[in-house]
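Before any comments, here is the structure.
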Amino acid sequence: MKNTDIVLCGLGGQGILFMTKILAQSALGKGIPIIGAETHGMAQRGGSVVSHLRLGKVEGSLVRSGTAHILLSLEENEAYRNLAFLGKGGALYVNADTETFPRAEAVPYLKKNEILCRSTRAGKVAMELGTPMSTNLALIGFFSAFAASPFTYEELRETVQRISPDRFQETNLKVFDTCHEMGLKESH
């Protein structure tokens, strides 16, 4: 596997660190070396949270600006704020309204840098399934349907099942699977 740099972002309390754990545990399950770092800012007060995850034989834990392969964002404004991390040809997956994302002013930058954008209303789906705190799993499930993911759906699902607390396991898998199916419809 080639080295892959992933940046995850959102707001405090949205579950960025759990998303990072899912990806890190999936990498470890495949025997892929990983290194990561988190920046929390005012996370406890709903401020920005950014997590860096580097897969492969890399040096240093932080992803440099303009080099990330993948950006996963649980909040639309955080996607824009962290867009500069993506390298040319990178892929952006964001919890945002598919009708209005991306904003018109961001389109020239995205086109110039050949950034693939995918958005889904992960928060809305999680809410409809009765688990508003599972937006993170909804976005990971959506992401698992696309070729940009260094992990298969099965690998990510197995990790979600393994690391979810018993009392949330069934619900977490339901959210993950529902959004994976949504992603499959969009990817074809």
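Looking at the range 85-107, which of its residues are surrounded by 15 or more Cβ atoms within 10 Å (Cβ to Cβ) and under 24 Å from residue 3 (Cβ atoms)?
Listed by number, the residues that qualify are 85, 86, 87, 90, 91, 92, 93, 94.
Taking the range 131-145 only, how many residues are touching a residue at least 24 places away in the same chain (Cβ under 8 Å) and surrounded by fewer than 17 Cβ atoms within 10 Å (Cβ to Cβ)?
1
Has the range 12-35 got any residue that is more than 21 Å from residue 163 (Cα to Cα) and out of contact with any helix residue (DSSP H, G or I) (no Cβ under 6 Å at 6 or more places or on another chain)?
The answer is no; no qualifying residue exists.
Just checking, does the range 19-35 include any residue being in contact with a Phe, Trp or Tyr (Cβ under 9 Å, 6 or more places away or on another chain), assigned to a strand (DSSP E or B) and closer than 19 Å to residue 133 by Cβ?
No, there is no match, as no residue in the range 19-35 is in contact with a Phe, Trp or Tyr (Cβ under 9 Å, 6 or more places away or on another chain), assigned to a strand (DSSP E or B) and closer than 19 Å to residue 133 by Cβ.
Considering only residues that are within 13 Å of the chain's Cα centre (by Cα) and either under 24 Å from residue 185 (Cβ atoms) or hydroxyl-bearing (Ser, Thr, Tyr) (or both), which ones fall in the range 70-89?
70, 71, 72, 73, 74, 75, 76, 79
Only one of (1) within 18 Å of residue 25 (Cβ to Cβ); (2) buried (at least 21 other Cβ atoms within 10 Å of the Cβ); (3) not hydroxyl-bearing (Ser, Thr, Tyr) is not met by residue 179, so which one is it?
Among (1) within 18 Å of residue 25 (Cβ to Cβ); (2) buried (at least 21 other Cβ atoms within 10 Å of the Cβ); (3) not hydroxyl-bearing (Ser, Thr, Tyr), the lone unmet condition for residue 179 is (1).
Search the range 1-18 for residues that are of a type in the set (Ser, Thr, Tyr) and pair each with any residue that is in a loop (DSSP other than H, G, I, E, B) when their beta-carbon atoms are under 8 Å apart and the residues are at least 6 apart or on different chains.
4/56; 4/150
Pick from 53, 17, 110: which is surrounded by fewer than 20 Cβ atoms within 10 Å (Cβ to Cβ), under 17 Å from the mean Cα position of the chain (by Cα) and hydrophobic (A, V, I, L, M, F, W, C)?
17
Just so you know, all these numbers are worked out from the coordinates, no wet-lab data involved. Everything numeric in this text was worked out from a predicted model, so none of it was measured. Heads up, the Cβs are rebuilt from the backbone with ideal geometry, glycines too, and the neighbour counts pull from every protein chain shown.
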